[in-house]
Amino acid sequence: MLAIAGLSGCKSLRNKQEGPATPDKAYWAAHQSMIDGAYATAVKRYEALESRFPFSPEARQGRIDIMYVYYKAKEKDQAVDAVDTFIRENPTHPRVDYAYYIKGLVYFERTPNAFESMFGVDMSERPPQDARKSFEAFGRLVQQYPQSEYAPDAHQRMVYLRNRLAEYEIHVAGYYMRRGAYVGAINRCRGVLEAYDGAPATRDALLIMVDAYNKLGITDLAAETERVLALNFPEHAAEAKKRKWYQVF
């Protein structure tokens, strides 16, 4: 009797440790944890679902859900790996747009917090880090799935990222100007004009280029750049001759 009771107890403990006995119950347990915001628990349950029932429909849905759960749990590497694996294995899946959206969110650079805003921390002076990867992921979504429900938000985030990346390039160009590396500054500014057309920083790129060309004695290119500046930013054209704009960066 003791042996039978012991075996029964081991079986009961094993079932408890293994979790729900069906993929449907396992999925909904994980899904409920996600809804409740218990992301650490949800991660464990989705991973257990994938391990125990890898070929079930619930596991396939779980592979989509866990991308978001990893993102919310701030497990960046796991989130990106889950997204890339899903896209690679399911290139025609109807939720690929969602995968790109999550990848963009994972890499999306945060805005200044209250402490940084209080002390006037300039985010444009910080290296973009993952901003380019976020911009690329959102770009794939917007270009390949323009009708996606996530496309409008992705586009708005791309505008922010474009401006952020352009501002950083201007910051670097200003540094080059202060160091006397005028060719480097011109190349940085030219990159802004080519890659981030429409960003507010394009005005500053033209202003710096005018000054850099003049410093190098290339007056014809300086004059041509001034004409472009006057055409696009007539209210600021005169400033190219009055101020060294790179000094404010």
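Observations
- Among the residues of segment 134-180, the ones that are among the charged types (D, E, K, R) and open to solvent by less than 80 Å² (accessible area, probe 1.4 Å) come to 5 in all.
- Residues in segment 1-59 that are open to solvent by 90 Å² or more (accessible area, probe 1.4 Å), of a type in the set (A, V, I, L, M, F, W, C), at pLDDT below 95 and in a helix (DSSP H, G or I): Leu2, Ile4, Leu7, Leu13.
The values are calculated or read from the model by the stated rules, or taken from the named source; none is laboratory data. Note that the structure is predicted; figures quoted are calculated from it, not measured. The area values use the complete protein model at the heavy-atom level, side chains included, leaving out ligands, DNA and RNA. Shrake-Rupley method; radii C 1.70, N 1.55, O 1.52, S 1.80 Å.
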